[in-house]
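First up is the structure itself, then whatever we jot down about it.
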Amino acid sequence: MKNHLGSYECKLCLTLHNNEGNYLAHTQGKRHQSNLARRAAKEAADAAHSTAAANLQAARAAAAAAASKPRALKIGLPGYKVTKQRDPDTGARILLFQIAYPEIADKLQPRHRFMSAFEQKVEAPDKRWQYLLFACEPYETVAFKIPNDDVDKSEGKFFSNWDKDGKTFTLQLTFATGDAAKKNQPAPPPPRPQLRYL
């Protein structure tokens with residue numbers, strides 16, 4: 001770039017050149033090229049930093065909006081009934097959970113999930129147990145401690161139903177018997193070949 005004195009100045013490298021030929025030779029030189037690479041790397045880092053800062057700012061704004069959203073007031077535990085049964089054909093254990101949510105809004109539907117004993121923080125972890133949780137606003141989440149056995153999720157063995165009119169959530173689960181539990185497990189690895197020395 002030509003300055004007010006009539007000489008050529010490289011603003012990137014802060015060098016002065018007497019004529020245009022020297023300036024063009026400088027722009028093709030090693031020093032100028034390394035400064036260009038340094039500038040490109042710095043701009044890329046600044047762009048990444050600015051996008052990370054923008055993402056952080058957006059996440060903070062979303063968290064603030066979620067925090068300012070009025071939460072529904074918890075009204076206590078729902079009513080529930082648990083029935084233990086045995087399958088007459090296989091002898092497998094069956095648990096039937098009936099959870100009543102009389103104050104639930106029409107748009108909402110209860111959800112359930114299984115939780116490992118190591119995920120929960122209420123009791124000391126014990127690998128013999130797992131937890132079945134039922135949740136729906138405005139009620140508190142209710143959890144049931146059940147054996148940590150395989151659950152048979154085949155057709156007709158595991159089902160859930162939400163009765164909108166009676167406002168009752170029903171879930172039935174069947175624990176897998178020995179044969180069904182073996183089907184769900186992977187096959188054992190083949191035996192290792194033994195080397196024999198003579």
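Laboratory data are not the source of any read-out in this text; all were calculated from the coordinates shown. On a predicted model such as this, the values are computed, not experimentally measured, just so you know. All Cβ positions, glycine included, derive from the backbone under ideal geometry; neighbour counts span all protein chains shown.
Summary of values
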| read-out | value |
| --- | --- |
| Whether the chain is rounded, prolate or oblate, judged on the alpha carbon gyration tensor where a/c under 1.5 counts as rounded | oblate |
| Aspartates and glutamates with Cα under 18 Å of LYS167, excluding same-chain neighbours fewer than 8 positions away | GLU103, ASP106, GLU137, GLU140 |
| Residue-averaged [θ]222 nm for the chain, counting only DSSP H segments that reach four residues, each worth -39500 (n - 2.57) | -9000 deg cm²/dmol |
| Simple label model, 7 Å out from Cα along Cβ direction - ALA117 to LYS30, nm | 6.9 |
| LEU96 versus LYS81: modelled label distance in nm, points set 7 Å from Cα along the beta carbon direction | 0.9 |
| Computed FRET value (nearest 0.05) for ASP89 with ALA63, which takes r as the C-beta separation and R₀ as 45 Å | 0.30 |
| Helix 30-68 axis, angle to the chain major axis (alpha carbon atoms, nearest 10°) | 30 |
